[in-house]
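Taken together, the values in this text are just the output of simple stated rules run on the coordinates, not laboratory data. Because the structure is a prediction, the values reported are computed rather than measured. Virtual Cβ from ideal backbone geometry, glycine too; neighbours counted across all protein chains shown.
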Amino acid sequence: MRELVIWGSGGHAREINWLCEELGVRVIGFLDERPETKGQSVDGVPVLGTLTDIKALKYEVELICAGVGDPALKKRFAYHTIQSGFRIAAPLIHPRVRLSRRNTIGEGSMIFEGAVLSDNIKIGQHVIINRSVNVSHDAVIGDYVTIAPGVNLAGNVTIDEGAYIGIGASVREKCHIGCCSMIGGGAFVKEDIPSFSMAAGIPAVVKKRLDMP
Ligand SMILES: CC(=O)SCCNC(=O)CCNC(=O)[C@H](O)C(C)(C)COP(=O)(O)OP(=O)(O)OC[C@H]1O[C@@H](n2cnc3c(N)ncnc32)[C@H](O)[C@@H]1OP(=O)(O)O
């Protein structure tokens, strides 16, 4: 049986734990940098501390770094996990996801129930595709991207590393969303969005520039 440890112990980490229950994958514990959470039990799964606390499990468990929605945090967790010599988990895909065998999905990524990913789609590492997301043909989704529930991406959309697509947003065909940008919930993106921008509304317009991490 696969055994996993999940970075994070909040709502999203708990949803991954549920996904793992559905897949028959055993979650050994959560990791959380906040010292006060160590030793707590979340949905019956222990919070183990940080990577230092699970050194003995290095060659036994796979790590999920996308246990939080924030792309920058995912990236930091992944950096430390790889530096410490732990293995990143193979993708987690809910049994009720539809996807073509011509799609590629990077390690540490996950796809939740009800998502449909049609043909020739490339998904990077540590990507979250949440429930009921529709991804159309030829999309390219970069590392650490988070796509919230109910998002619709039309054909040939490109989303660069570290972008966040808010709940229920839709993106028109061939649009490009730049690195680390955020799209507000419910938006309709009809033009390219530059990197490090927050865009929202129908149609989506850039509301503010975001700081580089
Ligand atoms: C299972 C789960 O729970 S998954 C999580 C799902 N949650 C989401 O997807 C959340 C999506 N988040 C949002 O939509 C947020 O509003 C964000 C992240 C895009 C922006 O948040 P903030 O940076 O705090 O934006 P802020 O409040 O400063 O707003 C800036 C401007 O954008 C507007 N704005 C923010 N979000 C939206 C939106 N979704 N639609 C339209 N306008 C918006 C604000 O009204 C404000 O406009 P103004 O300058 O004219 O007054």
> Looking only at segment 154-168, which residues are more than 8 Å from the ligand (Cβ to nearest atom) and either under 15 Å from Gly142 (Cα atoms) or out of contact with any Ser or Thr (no Cβ under 9 Å at 6 or more places or on another chain) (or both)?
Replying inline: Asn156, Val157, Thr158, Ile159, Asp160, Glu161, Gly162, Ala163
>> Whether any residue in segment 198-212 is under 21 Å from Lys74 (Cβ atoms), touching a residue at least 12 places away in the same chain (Cβ under 8 Å), crowded, with 18+ Cβ neighbours inside 10 Å and not hydrophobic (A, V, I, L, M, F, W, C) is what I want to check.
In response: no
> Restricted to segment 178-213, and to residues that are away from the ligand (no atom under 12 Å from the Cβ) and more than 19 Å from the chain's Cα centre (by Cα), which residue is farthest from Val151 (Cα to Cα)?
Replying inline: Met212
> Looking at segment 79-120, which of the residues that are of a type in the set (Ser, Thr, Tyr) and not in a loop (DSSP other than H, G, I, E, B) is surrounded by the most Cβ atoms within 10 Å (Cβ to Cβ)?
Replying inline: Thr81
>> What's the number of the only condition in (1) surrounded by fewer than 22 Cβ atoms within 10 Å (Cβ to Cβ); (2) part of a loop (DSSP other than H, G, I, E, B) that Ala66 fails to meet?
In response: (1)
>> If I filter segment 121-156 down to residues being assigned to a strand (DSSP E or B) and hydrophobic (A, V, I, L, M, F, W, C), which single residue comes out as surrounded by the fewest Cβ atoms within 10 Å (Cβ to Cβ)?
In response: Val140
> Taking segment 69-116 as the region of interest, how many residues are touching a Lys or Arg at 6+ places or on another chain (Cβ under 6 Å), within 16 Å of the ligand (Cβ to nearest atom) and under 17 Å from Ala13 (Cβ atoms)?
Replying inline: 2
